[in-house]
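Data block below; observations after.
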Amino acid sequence: MMSRKFCLVVILCLVCSVAIYADNIAERMYTRDLSEWQYLTIFLTWWYDNYFDYPVIVRICFFVILLSSTSVTCIMLLIAYNKVNGYFFQKQYNALHERFYTVLSELFKEKRNLSFQEVQQRLDLKMQDLRKRKRKRYMFALCMLLVNVKNDFYSEAMYNFNNVRMIVVVLGVQDFLEKMLMFGTLTQRKNAIQISQFLMLIMSESILVRLLRSSNKILSKEIRMYYLWLSDSKPFRFFEEESYHYTWCPWDALSIHFLLTARHKAGKEIPSLTPVINNCANLQLQTTLIKEIGYWGNKDDIENIKQYLDNSKPKRCLAAVECLTSAHVLDAEDQLMEIYQFQTEKVKLYILRALVLFNTGRALDFFVKAWNDSKVLSIKLNVLLALQMYGENGRKELKHLRMHVKSDAEQHLFDVIESFKHGNTTFQL
């Protein structure tokens, strides 16, 4: 009997001890502080255990939905960021435009070269303007304002290049662009070099050399283009490198012409382009430089271009014809008439255009021969256009040819010319 009571007491004590221990554990669990990483681990573990219990098709659908939702969210956030950033940028630009546009326009057109102090006084900068130079949005808005002002007045004869350079120094734009080229993102570097090109700034070559071997081909090409304006000794040296694989695009022709024009406006010497044409391997670059000789080449360079008229490559021959036309080389007229019959239709068109612009009166018999020899109606029409634009003698010959027309197709070509004439329509080859 005692043993039974003793056993019951022991069992009761054990049960109470277990209950007390269990309550202690539960209490500690309720008050357990978990870190963010532990919460994330628990959630990922739960998700992992449940995710792989689903069938394969359900898992694939769940993954696609999750990926799409994440992508849409990121895109929406990016759009919202760009909208907000664009709003504040435009607001900053409008404030700068209202304050500085008029005075900048006057400084750009000022004929007299102004000093640093004079420009600073005209701009009337405050201390807060100096503090704002640390903000990228403010400085890029200021750069955009300078670009727009130059765009409005660059074509005018009163544009003063030296005052523009002084303005960018006073406003701190030059220091800012150099800083962006050294430490900015890829997009900021591209924007900085393009702004520098357009404003024709004299940037430090030590900064530009670091970007010549950039892994980004667009930035590397922009730097090489910038040397066309910057370098005083050998601006085309980077285009002659055998190790540099130059990728051409049509915009490059406009950039080269703009930068060479900028050198001319700034009073910089434009070196001979003939050695570059002979050494560069890119055909499109060669043809562009051949055309540029018509604007900036000396007498020897232009005379050297005549060798490309007999070239087997039509693009090079076409560039040579355009060069001689731009330079108005009248003594090339006989050579152009000699090579005419061996050229493509496009080259023939440009030869006719050159002869019309030369307007020496000696090409009249050539036009008649070209009309008689050609069997292609488009070429015949261009010959008639050339005669129509070749002065009074050309129009007389046009009437004479019409009297001897034999086919209806040729008669239609004369009707086209007549409709242009009576309609007072201006046309050109």
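The values are calculated or read from the model by the stated rules, or taken from the named source; none is laboratory data. None of these values were measured; they are calculated from a predicted model. A quick note on method: Cβ atoms are made from the backbone with ideal geometry, for glycine too, and the neighbour counts reach across all protein chains shown. Just the protein is used for accessible areas: all its heavy atoms, side chains included, with ligands, DNA and RNA removed. Shrake-Rupley method; radii C 1.70, N 1.55, O 1.52, S 1.80 Å.
Round to a whole angstrom and tell me the spacing of the C-alpha centers of segment 109-124 and segment 385-416.
Their Cα centres are 60 Å away from one another.
Given the whole protein assembly as supplied and a 1.4 Å probe, what does the accessible area of ARG122 come to in Å², nearest 10?
Rounded to the nearest 10, that gives 90 Å².
If you line up the long axis of helix 217-230 against the longest principal axis of the chain, both from Cα atoms, how many degrees apart are they, to the nearest 10?
50
Can you pull the percent of segment 270-429's accessible area that's carbon plus sulfur, 1.4 Å probe, other chains left in place?
Here carbon and sulfur together make up 49 percent of the probe-accessible area.
Of TYR54, TYR350, TYR226, which has the largest mean-square fluctuation in a 10 Å C-alpha GNM of the chain?
Looking only at TYR54, TYR350, TYR226, the biggest GNM fluctuation is shown by TYR54.
What accessible area per residue comes out for segment 284-340, rounded to a whole number of Å², with a 1.4 Å probe?
Spelled out: the 1.4 Å probe surface of segment 284-340, per residue, equals 44 Å².
To the nearest 10 degrees, how steeply does helix 377-388 sit against the main Cα axis of the chain, on a 0 to 90 scale?
60
Using only the heavy atoms of the protein chains and a 1.4 Å probe, how would ASP232, ASP124 rank by accessible area, largest first?
On the way: ASP232 115, ASP124 85 Å².
Most to least solvent-accessible, the answer reads ASP232, ASP124.
What's the magnitude of the charge dipole for the chain around its Cα centre, counting Lys and Arg as +1 and Asp and Glu as -1 at the beta-carbon? Answer in Debye, nearest 20.
So the dipole magnitude of the chain works out to roughly 1160 debye.
Based on C-alpha coordinates, I'd like the Rg and Dmax of segment 138-288, in Å.
Just the Cα atoms of segment 138-288 yield Rg and Dmax of 15.4, 46 Å.
Quick check: with the 1.4 Å probe, what order do THR287, THR187, THR360 take by accessible area, largest first?
Working: THR287 15, THR187 90, THR360 50 Å².
The ordering from most to least exposed comes out as THR187, THR360, THR287.
Roll a 1.4 Å probe over the protein chains and send me the accessible area per residue for segment 79-177 in Å².
58
Viscosity 1.306 mPa s, temperature 10 °C: what is the translational diffusion coefficient of segment 285-394 from Stokes-Einstein with a Kirkwood Rh over Cα pairs, rounded to a whole number of µm²/s? Each step should come with its number before you reach the end.
Values: Rh = 14.0 Å.
Translational D for this selection: 113 µm²/s.
Defining a contact as two alpha carbons under 8 Å apart and six or more residues distant in sequence, what relative contact order in percent does the chain show?
7
Kindly state, as a whole number, the per residue volume in cubic angstrom of the convex hull around the alpha carbon atoms of the chain.
Cα-based convex hull of the chain, divided per residue, equals 320 Å³.
At 222 nm, what value in deg cm²/dmol follows for the chain if DSSP H runs of at least 4 each add -39500 (n - 2.57) and the sum is divided by all its residues, to the nearest 500?
Details: 22 runs with 310 residues, N = 429.
Helices in the chain give a 222 nm mean residue ellipticity of -23500 deg cm²/dmol.
With a 10 Å cut-off between alpha carbons and a GNM built on the chain, which of THR70, THR274, THR41 moves the most?
THR41
Along each of its three principal axes, how wide is the spread of alpha-carbon positions in segment 221-355, in whole angstrom units, largest first?
43, 31, 22
Report the one residue of GLY267, CYS323, SER255 whose Cα lies farthest in the direction of the positive end of the charge dipole of segment 207-362 (charges on C-beta: Lys and Arg +1, Asp and Glu -1; origin at the Cα centre).
Farthest towards the positive end: SER255.
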